[in-house]
Amino acid sequence: VRYRPLRRIGRWGDSAVVPEDEIRDNRPVPSCCVQQSDYRRFFRTNVARRDARRYRRRGIDRATRRLVDAVKARGLDGARVLEGGGGIGAIQIELLEAGAAGAVNVELSSAYEQEAESLLRERGLEGRVERRLGDFVAAADSLPRADVVVLHRAVCCYPDGPAFVAAAAAHSTRLLALTVPRDNVLTRLGARAINLFLRVRGCGFRTFVHRMPDLLDAARAEGLQPVTVERATLVWQLAVLERAGYDTVSAERTDRLLRGERIHR
């Protein structure tokens, strides 16, 4: 694993390396109201260990499988992958084993690094994933473009969801796949309960339920169009978008997708 903080990074695999001792978990996140220390406090080491243990025993869960299968169905051979908030890197492992050439992970919490390295080593994938610490949106100019960009359960952790999706879409040369909570009464009540608990505990991290139409509009402004928008599970919704030129979707088709009609091509 090549570990690199987000600072003045140029082309894919070509950058100036900043010493690890310059990284501080409490360094402000420029475009977000939450400090990295709050992300580190919420996504802590025991969470990373639990996620890695579960992945070793059971593999990826249903929502993750739906995303991975949707990306694989669009073609992966030799693809470069960029993921925001990839955690232990399970999706990167699945996509690499399915034919992707390499991946870059951008993560706000450093708690995942050790477990991610262990999983890659166990799968014989050392050297094929570059892991960076920092804010995807704030460091967008330093990130490489990729064939496939993934935001799995990450947008709900960011206050400005459309900005996160726009930054991801701008870096995709072909596909963007994302999962977000379904926008309904239950998920909004759940988010409020979680945020109240975090407030009582004195943690600055918050979770958000962003409207899917707003997220699709942000991606569309960067040249992507929806391929599918569907319910992945009771809680999670999946959207896959493709850059114009590879495939296109009419406005009528997009409206049908947003109404919940599952359309595949």
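The values are calculated or read from the model by the stated rules, or taken from the named source; none is laboratory data. Keep in mind it's a predicted model, so treat the numbers as computed, not measured. Glycine gets a Cβ as well: all are built from the backbone with ideal geometry, and neighbour counts include every protein chain shown. Note: areas computed on protein heavy atoms with side chains; ligands, DNA, RNA excluded. Shrake-Rupley method; radii C 1.70, N 1.55, O 1.52, S 1.80 Å.
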- Scan the stretch 151-180 and report the pairs whose first residue is among the basic types (Lys, Arg) and whose second residue is open to solvent by 10 Å² or more (accessible area, probe 1.4 Å), with Cβ atoms within less than 6 Å and a gap of 6+ or a chain change. Arg174/Asp147; Arg174/Arg243; Arg174/Tyr246
- Message: Residue under question is Val149, and the condition is that it be under 18 Å from Pro213 (Cβ atoms), of a type outside the set (Phe, Trp, Tyr) and open to solvent by less than 10 Å² (accessible area, probe 1.4 Å); does it hold?
- Response: no
- So, first residue in a helix (DSSP H, G or I) in the stretch 216-241, second residue surrounded by 18 or more Cβ atoms within 10 Å (Cβ to Cβ) and not small (Gly, Ala, Ser), Cβ within less than 7 Å, six or more apart or across chains; the pairs are Leu216/Pro226; Ala218/Pro162; Ala218/Val165; Ala219/Val165; Ala219/Leu176; Ala219/Leu241
- Check on Thr179, hydroxyl-bearing (Ser, Thr, Tyr) and modelled with pLDDT under 95: no
- Item | Output for the stretch 87-134, where each listed residue is open to solvent by 20 Å² or more (accessible area, probe 1.4 Å), in contact with a helix residue (DSSP H, G or I) (Cβ under 6 Å, 6 or more places away or on another chain) and in a helix (DSSP H, G or I) | Glu94, Glu115
- Message: I'd like the full set of residues that are closer than 21 Å to Cys156 by Cβ and either free of Cβ contacts under 8 Å to residues at least 12 places away in the same chain or open to solvent by 20 Å² or more (accessible area, probe 1.4 Å) (or both), limited to the stretch 48-65.
- Response: Arg50, Asp51, Arg54, Ile60, Asp61, Arg62, Arg65
- Message: Being in a strand (DSSP E or B) and either among the β-branched types (Val, Ile, Thr) or open to solvent by less than 30 Å² (accessible area, probe 1.4 Å) (or both) is the requirement here; does Val68 meet it?
- Response: no
